[in-house]
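Chemist: Have a look at the structure that comes next, please.
The values are calculated or read from the model by the stated rules, or taken from the named source; none is laboratory data. Predicted, not measured: the structure shown is a model, and the values here were computed from it. No Cβ is skipped: glycine too gets one built from the backbone with ideal geometry, and neighbour counts run over all protein chains shown.
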Amino acid sequence: MVKIYAVIDTNVLVSALLSRFKDTSTVQLLQLLILGEITPIYNDEIFEEYQTVLTRSKFGFPDTLIDETLDVIRRYGINSSRTEASEQLPDPKDVVFYEVALSVEDSFLVTGNIKHFPKKPFVVTPAEMLQIIQEMKSPKTGLLSEPQARYGKK
């Protein structure tokens, strides 16, 4: 199984926890995180933002839901450093998410605010992340995967 590493933007967690529908991309992404198919990457600053935002009274999330979500991230995630970015981001608060994603090779930054980040292949929406995961799970197809192509048989 291929390991998938991802920095999850706070807006993705909020959207998943607010959703009443199990088939939304944010809910599916959170489920994959809980199942261990995605390894979350964070640092202390990101984790503090998760705690601060998820405990806002306007969301009304039960403490147990917040605790369980944060426990999964802390227990199964990777607390990483930052790699300084050369790009300027529109919102200075987003820089930490981008720089932590840069710190782990082949990781993704999953966000609902794609316009807040540079257009890079590793910056993806929740729906795009689900598509990437699906493609990674699918058997490879193509000329070399066909038995007759490898062995000259029909």
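Chemist: Which is without any contact (Cβ under 8 Å) to a residue 40 or more places away in the chain, crowded, with 16+ Cβ neighbours inside 10 Å and out of contact with any Phe, Trp or Tyr (no Cβ under 6 Å at 6 or more places or on another chain), of V72, V14?
Modeler: V72
Chemist: Given the structure, is K93 surrounded by fewer than 20 Cβ atoms within 10 Å (Cβ to Cβ), among the charged types (D, E, K, R) and either at positive phi or part of a loop (DSSP other than H, G, I, E, B) (or both)?
Modeler: Spelling it out, it is not the case that K93 is surrounded by fewer than 20 Cβ atoms within 10 Å (Cβ to Cβ), among the charged types (D, E, K, R) and either at positive phi or part of a loop (DSSP other than H, G, I, E, B) (or both).
Chemist: Considering only region 96-117, I want to know if a residue exists there that is part of a helix (DSSP H, G or I), free of Cβ contacts under 8 Å to residues at least 40 places away in the same chain, of a type in the set (A, V, I, L, M, F, W, C) and closer than 24 Å to L17 by Cβ.
Modeler: yes
Chemist: Out of region 25-46, which residues are surrounded by fewer than 18 Cβ atoms within 10 Å (Cβ to Cβ), touching a residue at least 40 places away in the same chain (Cβ under 8 Å), in a loop (DSSP other than H, G, I, E, B) and more than 11 Å from the chain's Cα centre (by Cα)?
Modeler: Result: G36, single match.
Chemist: Could you check region 96-131 and list, in sequence order, the residues that are surrounded by 21 or more Cβ atoms within 10 Å (Cβ to Cβ) and of a type in the set (F, W, Y)?
Modeler: Residues satisfying the conditions are F97, Y98, F108, F117.
Chemist: With respect to the numbered conditions (1) modelled with pLDDT under 95; (2) in contact with a helix residue (DSSP H, G or I) (Cβ under 8 Å, 6 or more places away or on another chain); (3) assigned to a loop (DSSP other than H, G, I, E, B), which one is the sole condition not fulfilled by Q88?
Modeler: (2)
Chemist: Scanning for something closer than 21 Å to A127 by Cα, at pLDDT 95 or above, in a loop (DSSP other than H, G, I, E, B) and not aromatic (F, W, Y), does region 47-65 turn up at least one residue?
Modeler: no
Chemist: Quickly run through region 1-54 and pick out the residues that are of a type in the set (F, W, Y) and more than 16 Å from V100 (Cβ to Cβ).
Modeler: Correct list: F21 only.
Chemist: Scan region 55-75 for residues that are of a type in the set (S, T, Y) and in contact with a helix residue (DSSP H, G or I) (Cβ under 8 Å, 6 or more places away or on another chain) and jot them down.
Modeler: T55, T69, listed by residue number.
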